[in-house]
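> Got a structure for you, questions after.
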Amino acid sequence: MKTLILIGAGGHCKSCIEVIEAQDQYQIKGILDLQHKVGETLLGYPIIGTDDDLPSLTKQEYHFLITLGQIKSFAARKSLYQKLKSLDAPIATIISPHAIVSKYASIAQGTILMHHVKVNAGVQIGENCILNTGCNIEHDVNIGHHCHISTQAVINGDVNIADEVFIGSGAIIRNGISIAASTIIGAGAVLLQNIDEPGIFVGNPSKRMKHG
Ligand SMILES: CC(=O)SCCNC(=O)CCNC(=O)[C@H](O)C(C)(C)COP(=O)(O)OP(=O)(O)OC[C@H]1O[C@@H](n2cnc3c(N)ncnc32)[C@H](O)[C@@H]1OP(=O)(O)O
């Protein structure tokens with residue numbers, strides 16, 4: 001079994017551990033987080049260091065997964081991912097045994113599919129994404145890098161989601177829609193039109209928030 005180090009010891013990390021244990025392909029060695037958390041444990045796994053330790057850890061036989069969450073900013077996850085790539089680290093891709101994934105779909109490295117995710121035929125998902133519990137990605141959807149599709153969101157057929165996009169829980173994206181990079185779609189939104197300029201969009205039908 002391969003040995004895995006997780007980066008980020010918050011709530012999202014707990015959900016990742018749940019999936020990694022169910023998948024049973026990686027042994028978790030420990031977690032990296034902020035210095036003041038070193039020595040604590042999360043679900044029984046030790047917090048063994050910080051991301052400053054990555055240069056030495058990546059010289060050893062470990063795989064890595066970013067388990068930091070992502071809601072209003074993709075920046076921390078993206079920068080950690082770029083750091084792993086620059087160190088030429090092996091980056092895990094995790095797919096829950098309870099996800100349904102078409103053999104005609106492709107999932108890039110660093111991405112995690114939580115329990116009960118559905119990914120239909122013709123879908124392409126980029127690197128370092130979170131497909132959270134129960135989201136539904138329909139046929140021929142393209143999702144870029146560093147995106148988070150939250151719990152129970154529905155992405156209908158032929159949707160194009162650029163890099164660094166966040167889609168909130170329970171959002172519904174109409175088929176054929178394109179969403180610009182770095183956009184945030186709020187929880188429960190129903191998006192019926194293309195988004196060409198990034199911002200924060202909420203409601204049904206979704207509109208740009210005043211401060212977004
Ligand atoms: C496993 C997991 O936990 S995965 C994580 C899943 N989490 C989510 O899906 C939550 C996604 N986040 C949201 O929906 C947030 O509310 C955001 C990002 C859209 C906006 O957050 P903020 O910028 O902090 O907005 P804020 O809370 O200040 O609200 C501003 C206004 O927008 C409204 N608003 C905020 N979010 C929404 C929403 N999703 N739908 C409708 N209206 C909303 C608020 O009611 C408020 O209205 P008001 O000015 O009339 O009082």
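The values are calculated or read from the model by the stated rules, or taken from the named source; none is laboratory data. Being a predicted model, the structure only gives us computed values, none of them experimental. Cβ coordinates were reconstructed from backbone atoms using ideal geometry, including for glycine residues, and neighbour counts include every protein chain displayed.
> So for the stretch 96-103 (the condition being at positive phi, within 16 Å of the chain's Cα centre (by Cα) and not charged (D, E, K, R)), does at least one residue qualify?
Of the stretch 96-103, the ones at positive phi are none.
The answer is no, given that none of the residues of the stretch 96-103 is at positive phi, within 16 Å of the chain's Cα centre (by Cα) and not charged (D, E, K, R).
> Given (1) hydrophobic (A, V, I, L, M, F, W, C); (2) in the same structural domain as Asn175 (by the TED database); (3) buried (at least 19 other Cβ atoms within 10 Å of the Cβ), identify the lone condition not met by Ala108.
(3) is the only condition that Ala108 fails.
> For Glu164, state whether it is buried (at least 17 other Cβ atoms within 10 Å of the Cβ), more than 8 Å from the ligand (Cβ to nearest atom), on the phi > 0 side of the Ramachandran plot and acidic (Asp, Glu).
yes
> Of the residues that make up the stretch 6-23, is at least one within 17 Å of Leu113 (Cα to Cα) and touching a Cys at 6+ places or on another chain (Cβ under 8 Å)?
yes
Condition check ((1) surrounded by fewer than 17 Cβ atoms within 10 Å (Cβ to Cβ); (2) near the ligand (Cβ under 7 Å from one of its atoms)) across all residues:
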residue: Ala171; (1), (2): no, no
residue: Arg174; (1), (2): no, no
residue: Gly186; (1), (2): no, yes
residue: Leu192; (1), (2): yes, no
residue: Ile195; (1), (2): no, no
residue: Ile200; (1), (2): no, yes
residue: Met209; (1), (2): yes, yes
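> Moving on. Residues Asn204, Asn128: which one is in contact with a Leu (Cβ under 9 Å, 6 or more places away or on another chain), in contact (Cβ under 8 Å) with a residue 12 or more places away in the chain, in a loop (DSSP other than H, G, I, E, B) and buried (at least 16 other Cβ atoms within 10 Å of the Cβ)?
On the way: Asn204 fails: buried (at least 16 other Cβ atoms within 10 Å of the Cβ).
Only one candidate passes the filter, namely Asn128.
> Of the residues His146, His116, which single one is in a loop (DSSP other than H, G, I, E, B), more than 12 Å from the ligand (Cβ to nearest atom) and more than 14 Å from the chain's Cα centre (by Cα)? Full working, then the answer.
Working: His146 fails: more than 14 Å from the chain's Cα centre (by Cα).
Just a single option satisfies the conditions, and that option is His116.
> Follow-up. Which condition breaks for Leu6 when tested against (1) outside any loop (DSSP other than H, G, I, E, B); (2) loosely packed, with under 13 Cβ neighbours inside 10 Å?
(2)
> Tell me which residues, restricted to the stretch 94-103, are crowded, with 18+ Cβ neighbours inside 10 Å and either within 10 Å of His63 (Cβ to Cβ) or among the β-branched types (Val, Ile, Thr) (or both).
First, the residues of the stretch 94-103 that are crowded, with 18+ Cβ neighbours inside 10 Å: 94-96, 99, 101.
Passing the criteria: Ile94, Ile95, Val101.
> Related question: Just to be sure, is Gln60 free of Cβ contacts under 8 Å to residues at least 24 places away in the same chain and under 17 Å from the mean Cα position of the chain (by Cα)?
Numbers: free of Cβ contacts under 8 Å to residues at least 24 places away in the same chain: yes; under 17 Å from the mean Cα position of the chain (by Cα): no.
No: the conditions fail for Gln60.
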